[in-house]
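Down below is the structure, laid out as structure tokens.
Throughout, read-outs are computed from the coordinates displayed, never taken from laboratory work. None of the values given here were measured: they were computed from a predicted structure. Note: ideal-geometry Cβ built from the backbone for every residue, glycine included; neighbour counts use all protein chains shown.
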Amino acid sequence: MFQAELAPIAGNLGLSALVACVPLLTFFIMLMGVKAKAHVSAAVALVAALLVAIVGWKMPAGYALLSATQGAAFGAFPIAYIIIMAVWFYAVTQVSGRSEDLRRFFDKVGNGDIRIQAMMIAFCFGGLLEALAGFGAPIAVTATMILALGVSAPRAALVVMLANTAPVAYGAVATPITTAGNMVAGGDAAVAAQTAQHVAAIVGHQAPIFAAIIPFLIMIILDGKKGARDCWPPALVCGLTFAATQWWCSNHFAYELTDVIATLVSLACVVVFMRLWKPKNVDEMRARFGLDPYSADTHSELTANRTVMALVPYAIVVVVFAVCKLGIPKMLAATDIKIPWPGISGGVIANAMGKDPGTTFTLNLLSTPGTMLLVAGLLSALVYSLYTENGRYAMTVGAAVKQIGKTAHGMRLSSLTIILVLSLAYVMNFSGQTLSIGQFLAGSGAAFAVISPILGWVGTAVTGSDTSANALFSGLQHSAATANPALANVTPDLFLASNTMGGVVGKMISPQSLAIAAVATGEKESDIMKMVLPWSITFLVGLCVLVGLQASVLAFTLP
């Protein structure tokens, strides 16, 4: 039996924590300093974690390698599987040609006001893409659509990067939060689900605050004070309905669907509102952007049927998740297969607290959101195959199935990065490296609550993924909070939420996001970085203050 020590390096906790940071520092240096690819950086960091575990923590080499294989298995399924299915789901709408009708729909609803159109595309539709796909898809797609409206490249880049912060925590059907729950559950699927639900509820008391103000910021970025003065009513409707739905869904519904439902509700409310309210000074605004006066006749070909068909996939995904998460969750969970990981299960590896760190792998083929997205995508493809218009929008289920292979191939490096990052996290957790860092940070007392979001911010800023940041730091956050006497009356789940939200505000400065925005808009990455960095830091400071208050005087507001 291997049992991790808290201070294996010279019996000194501080020195041990410093050595335990070597794999993380290796990852960051490779990515930011050496400019290596993310999967290469993760691979080198994994080797460093194995060496630290074997040499520093005296973990048997066989156990260290087996820990890495369990992490890789979890990274591949369900995490990479969920993300591939999410990206594929959106690809079905692209292959069918229906995504172009969605763009026309936004233009028609906005009554020619490109400020309102940009808000709906970047915030509502971009949020929907983040909810289903994530990993840069919202930035790439919405930046192109907003440029087509006539918005300048610098403004388009800043708008899409800022808008992409609101839904990140629940992105890719809440994969970051699901990952956080799994990283601290010790392999117990029921505990993982319960933890993830609680973390999602806490995030639901944080994220809406930022979401409510972003539509106003978009108006200011696009057209200064005049934009905010002319368009504050729809911005208010958009932000408040998104925020309220995000809070309700994360606390009282299926948290995986939080952003899907929030974006659809927000979009629907803006559509209804725009039928009752007309934007001011539209032609004057279009002239400032170098555009011709607006004519509703331009979109006469967009029929009600085509609009409905463009929105059908998103209605289907809501229904499928509602049935699976609210109707038959126990039936689906009953099919889960628990696999004691060969060679290390049964208490072979125990942490310093005497508990199994999670050496049982759960194969949840039917209860995973990835399979739900697969079903929703196939149903969408079936509907599209039955409804064509004069030979247009032809789609078959077979074509959708073939697209799965193309999507998986296109995401092979992203998937490999996730698998390697999860391997790194498992080695650090099982060997005790994470526990040593957590115990050291616990010495910061109540100040840890303020420091906590910075870890998620750094993790996502470097990796480009809130999921990866949670895989790296969730165990650390949980152990540090649990061991901190000053936080004895505060749920450790607050700090899992804090890590998640730190990643939310760090996403806009990640190399991955910057590179995607640069390709989509033609702007230089360094120029985009200069624009978004002040926003990211401002949001981070606000988040640190919020978490500090929630850990003290506002603790009564937490679910």
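Observations on the structure shown:
- Across region 2-557, the mean sequence separation of Cα contacts (distance under 8 Å, 6 or more residues apart), normalised by length, yields a relative contact order of 23 percent.
- Listed by chain and number, the aspartates and glutamates placed with their C-alpha closer than 18 angstrom to that of Lys226 are Asp113, Asp283, Glu284; residues fewer than eight positions away on the same chain are left out.
- Taking Phe539, Phe89 and counting other C-beta atoms within 10 Å, the order from fewest to most: Phe539, Phe89
- Computed magnitude of the charge dipole of the chain (debye, nearest 20; Cβ of K, R +1, Cβ of D, E -1): 380 debye
- For region 527-535, Karplus couplings with θ = phi - 60° (6.51, -1.76, 1.60), whole Hz, Gly/Pro x: 5, 5, 4, 4, 6, 8, 4, x, 5
- Each of Leu24, Cys249, Thr263 was placed along the dipole of the chain (beta-carbon charges, centred on the mean Cα), and the one lying farthest toward the positive end is Thr263.
- Placing unit charges on each Cβ (+1 for Lys and Arg, -1 for Asp and Glu) gives region 2-557 a dipole about its Cα centre, and among Pro215, Ala10, Leu546 the Cα reaching farthest toward its positive end belongs to Pro215.
- Karplus-based coupling profile of region 403-415, in residue order and whole Hz: 5, 4, x, 5, 5, 4, 5, x, 9, 4, 6, 4, 5, with θ = phi - 60° in 6.51 cos²θ - 1.76 cosθ + 1.60 and x standing for Gly or Pro.
- Exposure proxy ranking, count of Cβ atoms within 10 Å, fewest first, for Trp277, Trp247, Trp88: Trp277, Trp247, Trp88
- Relative to the longest principal axis of the Cα atoms of the chain, helix 98-109 runs at roughly 60 degrees.
- Degrees separating the helix 38-51 axis from the principal Cα axis of the chain, which is the longest one: 10 degrees
- Which of Glu525, Glu130 has the fewest Cβ neighbours within 10 Å, and the rest in rising order: Glu525, Glu130
- Ellipticity at 222 nm from helices only: DSSP H runs of n ≥ 4 in the chain, each -39500 (n - 2.57), divided by the residue count, give -22000 deg cm²/dmol.
- Counting only lysines at least 8 places from Lys58 when in the same chain, those with an alpha carbon closer than 28 Å to its own are Lys355.
- Under-5 Å amide H pairs with Thr360, H placed in peptide plane, nonlocal only: Trp341
- Of the residues Phe495, Met529, Ala153, the one whose Cα sits farthest towards the positive end of the charge dipole of the chain is Ala153 (charges of +1 on Lys and Arg Cβ, -1 on Asp and Glu Cβ, taken about the Cα centre).
- In sequence order, region 441-457 has phi-based couplings of 5, 4, x, 6, x, 5, 5, 4, 4, 7, 6, 3, x, 5, 4, x, 4 Hz under the Karplus curve 6.51 cos²θ - 1.76 cosθ + 1.60, θ = phi - 60°, and Gly or Pro positions carry x.
- Once semi-axes √(5λ) of the Cα gyration tensor in Å is calculated for the structure shown, the corresponding label among (1) 75, 33, 21; (2) 41, 26, 21; (3) 53, 39, 21 turns out to be (2).
- Taking amide H as placed 1.01 Å from N in the peptide plane, Phe2 has its amide H under 5 Å from the amide H of Ile349, Ala350, each at least 5 places away in sequence or on another chain.
- Between helix 493-506 and the chain: long-axis angle, C-alpha atoms, 0 to 90°, nearest 10: 50 degrees
- Peptides ranked, highest mean first, by Cβ atoms within 10 Å: ranges 145-152, 213-220, 160-167: 160-167, 213-220, 145-152
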